[in-house]
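A short write-up of the structure that comes next.
The values are calculated or read from the model by the stated rules, or taken from the named source; none is laboratory data. Because the structure is predicted, anything quoted here is derived from the model rather than measured. Virtual Cβ from ideal backbone geometry, glycine too; neighbours counted across all protein chains shown. Accessible surface areas use protein heavy atoms only, side chains included; no ligands, DNA or RNA. Shrake-Rupley method; radii C 1.70, N 1.55, O 1.52, S 1.80 Å.
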Amino acid sequence: MFSRWRERLGGTMRFRLAWWYALIFVVSSAMIVALTYVLLAAALRQYDHQIIQTTLVEFATAYARGGVTGLSREIQRTQSSGAAGPLFVRVGGRQNVVFLSMPEGWRGFDLSQLSEPGLAGEQSWATLDTGVPGAEVLEVASVRLGDGTLFQVGRSTARRTDLLQRFRRLLLVDAATIILVGLVGGAMLTWSAMQPVRALTETVRGIMRTGRTSARVPVQEPGDALGDLSALVNAMLDRIDAVVSGMRGALDNVAHDLRTPMARLRGTAESALASEDPETLRGALADCLEESDRIMAMLSTLMDISEAETGTMAIRSEPTDIASLVQQTVELYEDLAEEHGLTIGVDTPADLVVPLDRNRMRQVLANLLDNAVKYTPGGGSIAISARSDAEWAVIAVTDTGVGIPADELPHIWDRLYRGDKSRSTRGLGLGLSLVRAIVEAHGGRVEATSTPGAGSRFELRLPAGGPNISRL
Ligand code: ADP
């Protein structure tokens, strides 16, 4: 029964929410109702006691003034007004009862239950019953007057009991309504509170079924927790979409770009097979070797880029002296630069130490220097500088080369992208993609600015405190 209910409410979380809402609502309402009842009963009791006490004072005064006759007159007057209802009045001397007045129907009460205060001015309360359950009950106040007379006035609790009984009946109707409102309200509240979760589940289920990541979760209340979660899931889907389409594009590019060297490889091998000359065969083998090296370099760079972009590239960060890292890389390119008639200037502070992966960062600098040498005509110059502020270490590679047209600038970071004028120079179009992937894997960023015909500047910003994954 319980589990069927749970199923009907549609799952554990929804059931729990509805159940807790209803429980809290019903319990707090029940507490308010119970408190109201207790306070009402206490107030009615106090009111009854007040009536008895006032009557007692009035009767005692009448008795003191006019004796039994005066008291009888006063009782008659009070009874005829009907305000206090039927009353029990007893006056006793030291030994015997002097006066007793009570309705006929009350003869069954056991008067021996009445307490008798000993001291003058002292007052006590007693409750008399007939011993029959549910029958009327009398509340009697007893007072010992100054002359030793015992004065007792009592009143039935029937009116109060009747009133409270009616109130209890009303409360039962109230309680049933409260429980109904609690259950229905709980179910409705939970249903609407869970709406964003349902939308989220539907979207994710749709994606799992169709494999299409174009679906998005409707964000109903931006700013609240579930709205933020939906927005976050959408942002994640955007990112997945971008990565998937990036990978698809890269795969297309690789397939396309591999076709040419593979065809060349095949062509070289085919023409070599037709020849008997050992020299031609050696030359063909050397060409094949070169071509396959090229293909392998391209594939390994692509793998590196993917690793860096997906966050699986191991970054072995260690405190690195930027000046010596730059110097080591420049040394690799000095001869090549000289051959091209270029000069390389270095301006790095001696004490700049940044935590980074030396080998990866050497790859970055080598790629930037390689490009600078490739795209700067003879007579030009290349400059590498470094500086640091509180947060970042900034390394810049500047050249006086051909520059990059403004429409090409946004694309230079794309995998396998090669500028129009660069087609004749060697290269795979992967260098800058790798540069950016490695720098971002370090928690940094890279920017290029260029004036066509005057030169380009590539600026790396690396976190001075080392790679911080949250920056990614
Ligand atoms: P590759 O150099 O192999 O073509 P990269 O990814 O290193 O590939 O560079 C992409 C493109 O960016 C190059 O084809 C070129 O058009 C442009 N580029 C990169 N560096 C420079 C530079 N220093 N000066 C001018 N153009 C550059």
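Put simply, of LEU273, LEU285, LEU265 the only residue that is open to solvent by less than 80 Å² (accessible area, probe 1.4 Å) and not assigned by TED's automatic domain parsing to the domain that holds ARG387 is LEU265. In the condition set (1) within 46 Å of the chain's Cα centre (by Cα); (2) open to solvent by less than 30 Å² (accessible area, probe 1.4 Å), GLY401 is compliant with all but (1). LEU336 meets each of the listed conditions (1) loosely packed, with under 13 Cβ neighbours inside 10 Å; (2) assigned by TED's automatic domain parsing to the domain that holds ARG436; (3) without any contact (Cβ under 8 Å) to a residue 40 or more places away in the chain apart from (1). Taking (1) modelled with pLDDT under 95; (2) surrounded by fewer than 19 Cβ atoms within 10 Å (Cβ to Cβ) in turn, SER381 satisfies each apart from (1).
Name the single residue, out of those in the stretch 198-222 being out of contact with any Ser or Thr (no Cβ under 9 Å at 6 or more places or on another chain) and of a type in the set (A, V, I, L, M, F, W, C), that is most open to solvent (accessible area, probe 1.4 Å). Among residues in the stretch 198-222 that are out of contact with any Ser or Thr (no Cβ under 9 Å at 6 or more places or on another chain) and of a type in the set (A, V, I, L, M, F, W, C), the one most open to solvent (accessible area, probe 1.4 Å) is MET208. Taking the conditions exactly as written (assigned to a strand (DSSP E or B) and either among the acidic types (Asp, Glu) or within 13 Å of the ligand (Cβ to nearest atom) (or both)), does ARG461 satisfy them or not? So ARG461 does not fit the description; no. Of the set (1) crowded, with 16+ Cβ neighbours inside 10 Å; (2) within 37 Å of the chain's Cα centre (by Cα); (3) more than 10 Å from the ligand (Cβ to nearest atom), all apply to ALA390 but (1). The sole residue among SER433, SER456 that is among the polar types (S, T, N, Q), surrounded by 17 or more Cβ atoms within 10 Å (Cβ to Cβ) and within 27 Å of GLY379 (Cβ to Cβ) is SER456. Summed over the stretch 138-185, residues that are surrounded by fewer than 17 Cβ atoms within 10 Å (Cβ to Cβ), within 25 Å of ARG107 (Cα to Cα) and not basic (Lys, Arg) total 4.
If the condition is being aliphatic (A, V, I, L, M) and without any contact (Cβ under 8 Å) to a residue 12 or more places away in the chain, then the stretch 252-298 contributes ALA255, ALA263, LEU273, ALA274, LEU281, ALA286, LEU289, MET296.
Remark: pairs (first residue in the stretch 157-180, aromatic (Phe, Trp, Tyr); second residue in a helix (DSSP H, G or I) and open to solvent by 40 Å² or more (accessible area, probe 1.4 Å); Cβ separation under 8 Å; 6+ apart in sequence or on different chains) = PHE167/TYR37; PHE167/LEU40. Residues being within 42 Å of the chain's Cα centre (by Cα) and either more than 16 Å from the ligand (Cβ to nearest atom) or not aromatic (Phe, Trp, Tyr) (or both) are entirely absent from the stretch 324-340.
Determine whether PRO349 is touching a residue at least 40 places away in the same chain (Cβ under 8 Å) and either more than 16 Å from the ligand (Cβ to nearest atom) or open to solvent by less than 70 Å² (accessible area, probe 1.4 Å) (or both). Here the answer is no, as PRO349 does not meet what is asked. Residues in the stretch 147-178 that are among the basic types (Lys, Arg) and in a strand (DSSP E or B): ARG155 only.
When the test is whether a residue is open to solvent by less than 60 Å² (accessible area, probe 1.4 Å), near the ligand (Cβ under 8 Å from one of its atoms) and part of a helix (DSSP H, G or I), ALA372 passes it. May I ask you to verify whether ALA441 is assigned by TED's automatic domain parsing to the domain that holds ASP357 and away from the ligand (no atom under 13 Å from the Cβ)? Criteria met by ALA441. Residues that are assigned to a loop (DSSP other than H, G, I, E, B), small (Gly, Ala, Ser) and near the ligand (Cβ under 7 Å from one of its atoms) within the stretch 397-430 comprise GLY401, GLY403, GLY419, GLY427, GLY429, listed in sequence order.
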